[in-house]
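Before any comments, here is the structure.
The values are calculated or read from the model by the stated rules, or taken from the named source; none is laboratory data. Values in this document were obtained by computation on a predicted structure and should not be read as measured data. Neighbour counts run over all protein chains shown; Cβ positions are idealised from the backbone, glycine included. Only protein heavy atoms, including side chains, enter the accessible area calculation; ligands, DNA and RNA are left aside. Shrake-Rupley method; radii C 1.70, N 1.55, O 1.52, S 1.80 Å.
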There are 2 protein chains.
Amino acid sequence: MTAPAAADPRLQRLSLNQRTCANWSLREAIDGCTRAGLDSIGVWREPVTEVGLDTARRWIEDAGLRVSSVCRGGFLTGPEGADRRAAIDSNRAAIEETAVLHADTLVLVPGGLPDGDRDLPAARGRFLDGMAEIVPHAQEHGVLLAIEPMHPIFAADRGVISTLAQALDLAEQFPAETVGVVVDTFHLWWEPGVQAQIARAAGRIASYQISDWITPLPPDALLSRGMMGEGHIDFATFTQWVAEAGYTGDIEVEIFNADVWATPGDEVVATIIERYLELVQPWSVPTRA
Amino acid sequence: MTAPAAADPRLQRLSLNQRTCANWSLREAIDGCTRAGLDSIGVWREPVTEVGLDTARRWIEDAGLRVSSVCRGGFLTGPEGADRRAAIDSNRAAIEETAVLHADTLVLVPGGLPDGDRDLPAARGRFLDGMAEIVPHAQEHGVLLAIEPMHPIFAADRGVISTLAQALDLAEQFPAETVGVVVDTFHLWWEPGVQAQIARAAGRIASYQISDWITPLPPDALLSRGMMGEGHIDFATFTQWVAEAGYTGDIEVEIFNADVWATPGDEVVATIIERYLELVQPWSVPTRA
């Protein structure tokens with residue numbers, strides 16, 4: 001193991017979502033962040049549960065890392081019944097875990113259409129109802145919930161909330177200290193009028209996540225995200241919009257991609273740092289006079 | 001060859017886009033429509049050019065078919081230069097061909113980002129500028145241009161206009177008798193507020209195209225459309241919205257899918273007719289009292 005990198009102040013807000021290095025265990029991801037001089041990590045519930053919540057918290061604290069986000073709650077689009085009750089309970093547990101980890105936010109993936117159900121407006125309505133059920137628990141625990149609008153490629157099977165505008169319509173029905181939104185370049189780069197929606201999101205941006213939209217789209221839609229700079233997204237402009245909305249939190253790299261997963265983690269992190277410093281970081285603070 | 005089917009009046013508005021049976025030549029597609037008792041066909045420019053425009057027109061007329069749409073013009077997002085001039089010229093030629101074929105409309109696929117270009121708003125602006133250049137030619141020839149908003153999965157490489165709302169923002173800058181929109185279930189089913197946008201599109205719906213959104217998404221995004229009934233789209237509701245907007249034109253089935261293409265054309269058409277009568281046709285006229 002090499003010595004920790006000398007801390008580069010330009011990396012202060014860069015966070016590694018652990019699923020970007022899917023072959024790393026939580027322990028390895030923590031060590032990888034430390035080696036690379038990162039201050040922040042985004043964690044998933046399953047690997048945290050695997051080692052135990054208290055152990056995970058202690059490891060992360062001992063490494064001096066922040067938790068930029070916990071992935072994930074949500075999946076609240078199902079009809080009333082045992083499965084929906086289980087989903088609500090799971091969200092309550094996720095809220096408690098997020099509080100223990102002192103994480104900035106709990107990401108909510110809305111969920112898709114139930115099997116054989118074709119009523120998208122109704123599924124969207126049930127997600128809102130589910131939010132209303134879990135918000136009081138989040139308030140009690142001081143946890144910020146982040147609705148993740150997802151690229152319409154996932155509208156059927158994963159995330160029925162398809163635009164930042166739509167996510168804000170929902171989030172604005174709750175207090176800003178409890179419900180915000182995820183602004184993710186991969187999901188939102190194509191949205192007509194997204195600049196205005198990012199401005200509207202001021203005070204509601206709970207997480208800024210980055211990855212690129214690449215073509216040809218990889219065969220598995222779930223693994224179609226690219227490394228920043230390999231695709232079509234204008235990170236400078238998008239990041240500037242987010243900065244102008246007053247966002248000063250962590251910038252989390254979340255890439256699901258078979259090629260990235262096949263690359264040694266340290267190499268992936270080195271590339272992330274290089275691309276972040278070139279394409280994102282210079283625009284991460286407002287530049288307006 | 002079997003005798004033509006007895007004309008079923010419920011099939012009057014059903015049109016086969018010839019690319020749905022990609023292995024059929026234009027001649028075979030015409031004959032396939034006739035055998036199945038359809039009155040209408042959507043054609044592509046390349047197979048028409050292959051046999052010659054006048055021959056194609058004569059074949060279609062002799063078979064007693066209407067041309068519901070010509071695919072396709074557009075691809076107007078490139079920067080000024082020889083390629084853009086060639087695209088404008090190609091659109092002018094497509095307009096003339098559409099007039100010769102007495103087709104209802106010429107479908108415009110907007111085009112994607114130029115190579116290495118990441119400025120999506122600018123590409124959208126150039127599409128609008130290109131529209132302005134070809135509209136007078138369409139007016140002279142009495143041709144209706146139909147802007148096709150495309151699923152955001154194609155925003156980078158094929159169609160920068162991503163929602164019906166955005167397509168209408170553009171179309172409304174031109175006279176309704178010259179510029180309309182394509183309402184395609186595959187492209188638009190996920191759009192938040194699409195019901196209101198379809199209502200807004202009254203008088204501008206130049207083409208109603210149907211295919212399903214299936215999961216898991218097939219590996220090749222371009223071939224990811226499904227047969228109606230195999231996926232997640234609520235055709236009854238969507239078709240009712242289109243009917244309530246006053247649309248009485250043809251309903252064109254356009255499916256790009258490797259499995260469909262591997263199936264004999266007559267079988268595909270039979271399935272289309274079955275699904276159309278079950279899922280679409282009953283809702284294709286307004287039902288409001």
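Is it true that A:Ser224 is closer than 24 Å to A:Pro152 by Cα and crowded, with 16+ Cβ neighbours inside 10 Å?
Details: closer than 24 Å to A:Pro152 by Cα: yes; crowded, with 16+ Cβ neighbours inside 10 Å: yes.
Yes.
Could you grab me the full set of residues in region B:241-260 that are more than 14 Å from chain A (Cβ to nearest Cβ) and surrounded by fewer than 17 Cβ atoms within 10 Å (Cβ to Cβ)? Spell out the reasoning first.
Taking region B:241-260 as the starting set, the residues that turn out to be more than 14 Å from chain A (Cβ to nearest Cβ) are B:242-257, B:259-260.
Listed by number, the residues that qualify are B:Gly246, B:Thr248, B:Asp259.
Return yes or no: is B:Phe238 outside any loop (DSSP other than H, G, I, E, B), within 19 Å of B:Val109 (Cα to Cα) and more than 9 Å from chain A (Cβ to nearest Cβ)? Let's see the steps before the verdict.
On the way: outside any loop (DSSP other than H, G, I, E, B): yes; within 19 Å of B:Val109 (Cα to Cα): no; more than 9 Å from chain A (Cβ to nearest Cβ): yes.
No.
Could you tell me which numbered condition A:Ser284 fails, if it satisfies all but one of (1) open to solvent by less than 50 Å² (accessible area, probe 1.4 Å); (2) within 14 Å of another protein chain (Cβ to nearest Cβ)?
The number of the failed condition is (2).
For region A:21-35, how many residues are open to solvent by 20 Å² or more (accessible area, probe 1.4 Å) and either touching a strand residue (DSSP E or B) at 6+ places or on another chain (Cβ under 9 Å) or of a type in the set (A, V, I, L, M, F, W, C) (or both)?
Of region A:21-35, the ones open to solvent by 20 Å² or more (accessible area, probe 1.4 Å) are A:22-25, A:27-28, A:31, A:34-35.
Among the residues that remain, those that are also either touching a strand residue (DSSP E or B) at 6+ places or on another chain (Cβ under 9 Å) or of a type in the set (A, V, I, L, M, F, W, C) (or both) are: A:22, A:24.
So the answer is 2.
For residues that are assigned to a loop (DSSP other than H, G, I, E, B), crowded, with 21+ Cβ neighbours inside 10 Å and in contact with an Asp or Glu (Cβ under 8 Å, 6 or more places away or on another chain), tally how many sit in region A:199-221. Spell out the reasoning first.
Within region A:199-221, the subset assigned to a loop (DSSP other than H, G, I, E, B) is A:201-204, A:211, A:214-220.
Now drop any that are not crowded, with 21+ Cβ neighbours inside 10 Å, which leaves A:201, A:204, A:211, A:217.
This time we only want the ones that are in contact with an Asp or Glu (Cβ under 8 Å, 6 or more places away or on another chain), so: A:204, A:211.
Here the count works out to 2.
So is B:Phe238 touching a strand residue (DSSP E or B) at 6+ places or on another chain (Cβ under 6 Å) and either open to solvent by 40 Å² or more (accessible area, probe 1.4 Å) or not small (Gly, Ala, Ser) (or both) or not? Outline the logic, then answer.
Numbers: touching a strand residue (DSSP E or B) at 6+ places or on another chain (Cβ under 6 Å): no; either open to solvent by 40 Å² or more (accessible area, probe 1.4 Å) or not small (Gly, Ala, Ser) (or both): yes.
No: the conditions fail for B:Phe238.
Do you know which residues across region A:249-272 are without any contact (Cβ under 8 Å) to a residue 60 or more places away in the chain, closer than 29 Å to B:Ala122 by Cβ and in a loop (DSSP other than H, G, I, E, B)?
Our first condition is that a residue be without any contact (Cβ under 8 Å) to a residue 60 or more places away in the chain; within region A:249-272, this holds for A:257-259, A:262-264, A:267, A:271.
The next check asks that each one be closer than 29 Å to B:Ala122 by Cβ; those that pass are A:257, A:271.
Residue satisfying the conditions is A:Asn257 alone.
State the number of residues belonging to region B:182-192 that are over 23 Å from B:Pro114 (Cα atoms) and more than 9 Å from chain A (Cβ to nearest Cβ).
Residues flagged as over 23 Å from B:Pro114 (Cα atoms) and more than 9 Å from chain A (Cβ to nearest Cβ) within region B:182-192 amount to 6.
Could you tell me whether any residue of region B:267-280 is within 12 Å of another protein chain (Cβ to nearest Cβ) and of a type outside the set (Lys, Arg)?
We begin by selecting, within region B:267-280, every residue within 12 Å of another protein chain (Cβ to nearest Cβ); these are B:279.
With of a type outside the set (Lys, Arg) added as a condition, the list becomes B:279.
Yes: one or more hits.
Which is within 10 Å of chain B (Cβ to nearest Cβ), open to solvent by 40 Å² or more (accessible area, probe 1.4 Å) and either outside any loop (DSSP other than H, G, I, E, B) or closer than 28 Å to A:Glu97 by Cβ (or both), of A:Gln173, A:Gln166, A:Gln195, A:Gln139?
Details: A:Gln173 fails: within 10 Å of chain B (Cβ to nearest Cβ); A:Gln166 fails: open to solvent by 40 Å² or more (accessible area, probe 1.4 Å); A:Gln139 fails: within 10 Å of chain B (Cβ to nearest Cβ).
Only one candidate qualifies: A:Gln195.
Any residue at all in region B:117-134 that is more than 30 Å from A:Val160 (Cβ to Cβ), touching a residue at least 40 places away in the same chain (Cβ under 8 Å), part of a helix (DSSP H, G or I) and within 14 Å of chain A (Cβ to nearest Cβ)?
Within region B:117-134 (the criterion being more than 30 Å from A:Val160 (Cβ to Cβ), touching a residue at least 40 places away in the same chain (Cβ under 8 Å), part of a helix (DSSP H, G or I) and within 14 Å of chain A (Cβ to nearest Cβ)), the answer is yes, since at least one residue qualifies.
Can you tell me which condition B:Met227 does not meet? The list is (1) more than 14 Å from every other protein chain (Cβ to nearest Cβ); (2) within 22 Å of A:Gly116 (Cα to Cα); (3) in contact with a Leu (Cβ under 7 Å, 6 or more places away or on another chain), and all the others hold.
(3)
Quick check on my filter: what residues within region B:75-116 are open to solvent by 10 Å² or more (accessible area, probe 1.4 Å), touching a His at 6+ places or on another chain (Cβ under 8 Å) and either more than 12 Å from every other protein chain (Cβ to nearest Cβ) or polar (S, T, N, Q) (or both)?
B:Arg92, B:Glu96, B:Ala99
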